[in-house]
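See below for the structure under consideration.
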């Protein structure tokens, strides 16, 4: 079908634009360094502070630690994969809770009035203050033989950041159907659950998809930050801290970890785009941005 | 209140009143002492200026809104029971088709909610698509259809569970004149085929006259019925709209509307006229 072909060719063009964007950033980086050698810039452009792009890429193949068989690249990949599983866990929990809250708030005006301020207030608490608290409380929890692990705290924090955009977006989406559509459902003697399932839910998709994107990004950022503030090992957040300590000897190493974090973000963004295409394939191509 | 109970009648409304914002400074009497009887198979139009309560009356019949006093019987039942037993179908000015469903699936929505089997639903929607002459469009998406076609789908959907009563709230209001006239003919044909009782809200005088057996004229502040005009045009043909008799009926309705338009420009007091 022509529309499918259009979509694929559009996708290819977007891909080229993305590559061009990355190339421009690299070019500007090198240009800044070059200008720094000619005039005095207000910041340090030495190879120590801003390694060359090619130095960063050559750092991929450095040994992880002196004398080890694994390279930095392998270590970053492993850490990114680990962080991805934590982010995914947080995302799934956050989305489930966010959706549930939105459904409750939509159904009962009482809860919208009572719950929404707390939902909003929850996001004003700084993560730095929250992380030790969650770890502290979490460590005292055990369900029989199952002991709370600090990785759960990381997931919890990721979920804590992810639930909010989804909850607010889903609430708007569930409230989106026109009064005519709602009266129509009433004329069919549809129960509240049927209205939710056959009208409110599908009508919320155009609002849900952008909310999912924001939530996914929040889950990734939440995971990385939570790894750093809780000190969980194995993830990309911890790796960044470790590599940053080696700046004096290996200034390019920390950038490999940054690339890992970017890769993490891209994988998640691609997954959500796939979900987007799947969910909106039968909808007119207008929607929200 | 006296309760009119007439099993032969499709709709019996007696002494119905409804007030919006009761006791409040914005109090509006939407319906004041409305009496109306519609017998089975009759086509009536409710006509009047904005705010005369014609849409409110339709919503009261469909139990989409309540009323404060009087009684309403739809096929001898309360509006709530009639709604829950799916005794009426409804169509609005907006077709309100669901974008995420195909045309067929839109028509099948009321059937799904009424618990029909998949195979029965498919047979029924194919039947209805044929009735509104859209058989080739069952697998299309609603947004791919023109406004007139969307409204035909909405009418097919309102007929899905084969309810005895059809409520229509300005269903052709958003269509251009040509499409509108074609849709009117189509509705009359469907009515002839199905024998439904139809309550039709409009603010087009020629539309009301062309479609109806009886035109019910309403007037605002307070919303009430001010005249009922029987239209005895007989079978509608291509020349009906150009006949003297048609113009005569249009004139009668127009005069009935004008008679009560004395307060048309005054918005000073709502309660003064009670």
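Out of all the residues in segment A:36-53, which are in a helix (DSSP H, G or I) and loosely packed, with under 11 Cβ neighbours inside 10 Å?
A:37, A:38, listed by residue number.
Filter segment B:143-162 down to residues that are surrounded by fewer than 23 Cβ atoms within 10 Å (Cβ to Cβ) and at the interface with chain A (Cβ under 10 Å from one of its Cβ atoms), then give me how many there are.
Residues meeting the conditions: 3.
Select, from A:177, A:206, A:251, the only residue that is within 29 Å of residue B:115 (Cα to Cα) and either in contact with a strand residue (DSSP E or B) (Cβ under 6 Å, 6 or more places away or on another chain) or at pLDDT below 95 (or both).
Just one listed residue meets the conditions, A:206.
Taking segment B:189-203, which residues are in contact (Cβ under 8 Å) with a residue 60 or more places away in the chain and more than 12 Å from residue B:54 (Cα to Cα)?
B:191, B:193, B:195, B:196, B:197, B:198
Give just the number: which of (1) touching a helix residue (DSSP H, G or I) at 6+ places or on another chain (Cβ under 8 Å); (2) part of a helix (DSSP H, G or I); (3) under 30 Å from residue A:135 (Cβ atoms) does residue A:266 not satisfy?
That leaves (1) as the condition not met.
Looking only at helices (runs of 4 or more DSSP H) that fall completely inside segment B:25-142, which ones have 3 or more residues that are more than 14 Å from chain A (Cβ to nearest Cβ)?
Counting at least 3 such residues, we get B:118-131.
Does residue B:157 count as in contact (Cβ under 8 Å) with a residue 40 or more places away in the chain and either within 28 Å of residue B:259 (Cβ to Cβ) or in a loop (DSSP other than H, G, I, E, B) (or both)?
no
Would you mind listing the helices (runs of 4 or more DSSP H) fully within segment A:143-247 where at least 2 residues are within 30 Å of residue B:80 (Cα to Cα) and away from chain B (no Cβ under 13 Å)?
Fully inside segment A:143-247 and qualifying: A:150-174.
The values are calculated or read from the model by the stated rules, or taken from the named source; none is laboratory data. Quick caveat: nothing in here was measured; it's all calculated off a predicted structure. Cβ: placed from backbone, ideal geometry, glycine included. Neighbour counts: every protein chain shown.
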